[in-house]
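K.L.:
Dumping the structure here so I can ask a few things about it.
The values are calculated or read from the model by the stated rules, or taken from the named source; none is laboratory data. Computed from a predicted structure; not experimentally measured. Please note: Cβ atoms are built from the backbone with ideal geometry, for glycine as well, and neighbour counts cover all protein chains shown. Surface accessibility is based on the protein's heavy atoms, side chains included, excluding ligands, DNA and RNA. Shrake-Rupley method; radii C 1.70, N 1.55, O 1.52, S 1.80 Å.
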Amino acid sequence: MFGFFPLILSAFLLGLGFYLLLQVLARKEPANLLRGSMGWPLFGETLGFLKPHRSNSMGSFLQEHCSRYGRVFKSHLFGSPTIVSCDHELNMVVLQNEEKLFQVSYPKAMHGILGKFSLLIVSGDVHKKLRNIGVSFITSSKSNPEFLDCVEKMTISMMNSWKNCKEIGFYKEVKKFTLNLMVKHLLSIEAEEPLAFKILEDFLTYMKGFVSLPVYLPGTPYASAVKARARLSATVMEIIKERRKEKLGPVKGDFLDAILSKENLSDEKTVSIVLDMLLAGYETTATLMALIVYFLSLYPNVLEHLKQEHNAIRKNKENGEPLNWEDYQKMEFTCNVIYESMRCGNVVKFVHRVALQDVKFKGYFIPSGWKILPVLTAVHFDPSLHENPMVFNPWRWTDKATSKKVMPFGGGPRLCPGADLAKVEIAFFLHHLVFNYRWKTMADDFPLAYPYVEFRRGLLLEIEPVQAKAGKIET
């Protein structure tokens, strides 16, 4: 009996493949469509597009296609006919015309991981309401003395934990730092609590399957990620139930309290926005911190200028006096380092959109119903926009025009809501890092785009304590 099963399965898959092949062959394309290649039947060019490459480069796929077809071309990606845009002006039109000409459109497989109310997926009034909740809390938090104090204390605690280390896996360390900070800020859970460790473990599993092949079989990264997301949802739901039981008790004043007391949201939407905020504040911030430390190790002149800025801030403060919002506002070069690391490191390579109607722009034609992928990476390395684009140069940001040529935090109504919060966290962290340690990276350890950014060896650092005296960093 069981011997027939492989034959039946093979026949089914062969039949399905033949049917899909006929669908592909029967597909009609508009006569005025852009040049490009639709790749293999069924798979298109997805595997080539997602081929890992250094994150501080465009990758061979985009380089070859732009050279052959121009900066905007057709392809077949993620199961759909697609326009790939490496053109800055077209990318701006796409991002600025959300819900008018284009709409967010991530592959269905990602919905199982993100949940149906994720900010990445929802659109229209639902997206606007959920995003405004996040933005409101972030705006009130970024300069709040309690939040700043929390960031600094956690930073100092991490620095102290490295005192007897000669090597550290920096990427793993900062992931722990950013998640503990967000769990504390959003849910009032302390880093040493078992629940914080449980959330960290589930998030690590969650991220491994985030852009994996969407195969829901036991043991696959995708299936593990879906289960991890379900566990995270259950954890947040339990916290919500506990908060409701403690309604008459002391108010914690965190993000969850703000939602439960002011917003009329369903439990499912409440869980979703909490997880979205955790994800954004954990993964992308940690990745950016790792990229900054990586680039600083390659460009000693940038590191030296950064140290000078932080020396100037520290010499005007008493020994042990904490940083404040006014200190952060003086960290102009630090912010330029953050921006340039986003441009060169590319935390987000591209975003998913779909055309709601036929769109013509600059001679490009995007058919209604086709996907369009604005590729941020390509714009960041466009020599027509940036002088020596492959060089890490924070000073380019002193020219205000640079910010109009780069979209490190996205654009339009989906501009990253947590950008300002992340910059404060990173600036405070860098202040204490340059005051406490020197570091070296390994020659074979560099950032790779999968398309999510990962380091070959987890950004393994050789570290050495620095003696800082009288508010001055040793160089």
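K.L.:
How many residues are over 28 Å from residue 222 (Cα atoms) and hydrophobic (A, V, I, L, M, F, W, C) if we restrict to segment 163-188?
P.N.:
So the count comes out to 2.
K.L.:
Still on this structure: Considering only segment 308-327, I want to know if a residue exists there that is under 24 Å from the mean Cα position of the chain (by Cα) and either buried (at least 19 other Cβ atoms within 10 Å of the Cβ) or among the polar types (S, T, N, Q) (or both). Steps first, please.
P.N.:
We begin by selecting, within segment 308-327, every residue under 24 Å from the mean Cα position of the chain (by Cα); these are none.
No; the residues of segment 308-327 include none that is under 24 Å from the mean Cα position of the chain (by Cα) and either buried (at least 19 other Cβ atoms within 10 Å of the Cβ) or among the polar types (S, T, N, Q) (or both).
K.L.:
Which residues, taken from segment 403-426, are free of Cβ contacts under 8 Å to residues at least 40 places away in the same chain and open to solvent by less than 30 Å² (accessible area, probe 1.4 Å)?
P.N.:
Kept after step one, since they are free of Cβ contacts under 8 Å to residues at least 40 places away in the same chain, are these residues of segment 403-426: 404, 415, 419.
Scanning segment 403-426 gives a single hit, 419.
K.L.:
State all residues of segment 308-326 that are without any contact (Cβ under 8 Å) to a residue 24 or more places away in the chain, of a type in the set (D, E, K, R) and assigned to a helix (DSSP H, G or I); if no residue qualifies, say none.
P.N.:
Residue satisfying the conditions is 326 alone.
K.L.:
List every residue pair whose Cβ atoms lie under 6 Å apart, where the two residues are 6 or more positions apart in sequence or sit on different chains, the first residue falls within segment 224-241 and is more than 15 Å from residue 111 (Cβ to Cβ), and the second residue, located anywhere, is assigned to a helix (DSSP H, G or I) and open to solvent by 40 Å² or more (accessible area, probe 1.4 Å).
P.N.:
224/205; 228/205
K.L.:
Separate question: When you check residue 233 against the structure, is it within 23 Å of residue 137 (Cβ to Cβ) and modelled with pLDDT of 90 or more, yes or no? Explain how you work it out, then say what you get.
P.N.:
Numbers: within 23 Å of residue 137 (Cβ to Cβ): yes; modelled with pLDDT of 90 or more: yes.
Answer is yes for this residue.
K.L.:
Working only within segment 361-412, note down all residues that are modelled with pLDDT of 95 or more and basic (Lys, Arg).
P.N.:
371, 396
K.L.:
Would you mention how many residues in segment 352-379 are closer than 22 Å to residue 109 by Cβ and part of a strand (DSSP E or B)?
P.N.:
So the count comes out to 8.
K.L.:
Next question. Give 465, 447, 383 a once-over and let me know the one that is surrounded by 17 or more Cβ atoms within 10 Å (Cβ to Cβ) and of a type outside the set (A, V, I, L, M).
P.N.:
Details: 465 fails: surrounded by 17 or more Cβ atoms within 10 Å (Cβ to Cβ); 383 fails: surrounded by 17 or more Cβ atoms within 10 Å (Cβ to Cβ).
Testing whether each residue is surrounded by 17 or more Cβ atoms within 10 Å (Cβ to Cβ) and of a type outside the set (A, V, I, L, M) leaves just 447.
K.L.:
OK, next. Go through (1) farther than 26 Å from residue 359 by Cα; (2) assigned to a loop (DSSP other than H, G, I, E, B); (3) at pLDDT below 70 and name the single condition residue 56 misses.
P.N.:
For residue 56, the exception is condition (3).
K.L.:
Further question: Can you say whether residue 258 is at pLDDT 90 or above, open to solvent by less than 60 Å² (accessible area, probe 1.4 Å) and assigned to a helix (DSSP H, G or I), as far as the supplied structure shows?
P.N.:
Details: at pLDDT 90 or above: no; open to solvent by less than 60 Å² (accessible area, probe 1.4 Å): yes; assigned to a helix (DSSP H, G or I): yes.
For residue 258, the condition - at pLDDT 90 or above, open to solvent by less than 60 Å² (accessible area, probe 1.4 Å) and assigned to a helix (DSSP H, G or I) - is not met.
K.L.:
Please go through (1) among the polar types (S, T, N, Q); (2) within 24 Å of residue 258 (Cβ to Cβ); (3) assigned to a helix (DSSP H, G or I) for residue 205 and return the number of the only condition it doesn't satisfy.
P.N.:
The failed condition is (2).
K.L.:
Checking residue 74 against (1) basic (Lys, Arg); (2) surrounded by fewer than 19 Cβ atoms within 10 Å (Cβ to Cβ); (3) touching a Leu at 6+ places or on another chain (Cβ under 7 Å); (4) modelled with pLDDT of 95 or more, which test does it fail?
P.N.:
(2)
K.L.:
Among the candidates 378, 355, which residue alone is within 18 Å of residue 63 (Cα to Cα), open to solvent by less than 30 Å² (accessible area, probe 1.4 Å) and in contact (Cβ under 8 Å) with a residue 24 or more places away in the chain?
P.N.:
Values: 355 fails: within 18 Å of residue 63 (Cα to Cα).
Step by step, each of 378, 355 is checked, and only 378 is within 18 Å of residue 63 (Cα to Cα), open to solvent by less than 30 Å² (accessible area, probe 1.4 Å) and in contact (Cβ under 8 Å) with a residue 24 or more places away in the chain.
K.L.:
So, in segment 53-65, of the ones that are of a type outside the set (S, T, N, Q) and open to solvent by 70 Å² or more (accessible area, probe 1.4 Å), which residue ends up nearest to residue 449 (Cα to Cα)? Full working, then the answer.
P.N.:
Taking segment 53-65 as the starting set, the residues that turn out to be of a type outside the set (S, T, N, Q) are 53-54, 58-59, 61-62, 64-65.
Cutting the leftovers down to open to solvent by 70 Å² or more (accessible area, probe 1.4 Å) gives us 54, 64.
Numbers: 54: 6, 64: 17 Å.
My answer is 54.
K.L.:
Quick check on my filter: what residues within segment 361-375 are open to solvent by 10 Å² or more (accessible area, probe 1.4 Å) and touching a residue at least 40 places away in the same chain (Cβ under 8 Å)?
P.N.:
Taking segment 361-375 as the starting set, the residues that turn out to be open to solvent by 10 Å² or more (accessible area, probe 1.4 Å) are 361-365, 368-371.
Once the filter is applied, which keeps residues that are open to solvent by 10 Å² or more (accessible area, probe 1.4 Å) and touching a residue at least 40 places away in the same chain (Cβ under 8 Å), segment 361-375 yields 361, 362, 364, 365, 370, 371.
K.L.:
Being within 20 Å of residue 357 (Cα to Cα) and at pLDDT below 85 narrows it down to one residue among 81, 107; which is it? Full working, then the answer.
P.N.:
Details: 81 fails: at pLDDT below 85.
After applying the criteria, what remains is 107.
K.L.:
Before we move on, is residue 291 in contact with a helix residue (DSSP H, G or I) (Cβ under 6 Å, 6 or more places away or on another chain) and open to solvent by 10 Å² or more (accessible area, probe 1.4 Å)? Let's see the steps before the verdict.
P.N.:
Details: in contact with a helix residue (DSSP H, G or I) (Cβ under 6 Å, 6 or more places away or on another chain): yes; open to solvent by 10 Å² or more (accessible area, probe 1.4 Å): no.
Considered against the rule, which asks whether it is in contact with a helix residue (DSSP H, G or I) (Cβ under 6 Å, 6 or more places away or on another chain) and open to solvent by 10 Å² or more (accessible area, probe 1.4 Å), residue 291 comes out as no.
K.L.:
Would you point out which residue out of 223, 234 is open to solvent by 40 Å² or more (accessible area, probe 1.4 Å) and assigned to a helix (DSSP H, G or I)?
P.N.:
Working: 223 fails: open to solvent by 40 Å² or more (accessible area, probe 1.4 Å).
Every option except 234 fails the conditions.
K.L.:
Scan 148, 95, 179 and give me the residue that is closer than 16 Å to residue 413 by Cα and out of contact with any His (no Cβ under 6 Å at 6 or more places or on another chain).
P.N.:
Working: 148 fails: closer than 16 Å to residue 413 by Cα; 179 fails: closer than 16 Å to residue 413 by Cα.
Criteria check complete, one pass: 95.
K.L.:
What number of residues in segment 330-351 are open to solvent by less than 20 Å² (accessible area, probe 1.4 Å) and in a loop (DSSP other than H, G, I, E, B)?
P.N.:
Residues in segment 330-351 being open to solvent by less than 20 Å² (accessible area, probe 1.4 Å) and in a loop (DSSP other than H, G, I, E, B): 3 in total.
K.L.:
So, one more: Kindly indicate whether any position in segment 426-436 is under 30 Å from residue 102 (Cβ atoms) and part of a helix (DSSP H, G or I). Don't jump to the end; show me each part of the working.
P.N.:
As a first pass, look at segment 426-436 and keep what is under 30 Å from residue 102 (Cβ atoms): none.
Within segment 426-436 (the criterion being under 30 Å from residue 102 (Cβ atoms) and part of a helix (DSSP H, G or I)), the answer is no, since none of the residues qualifies.
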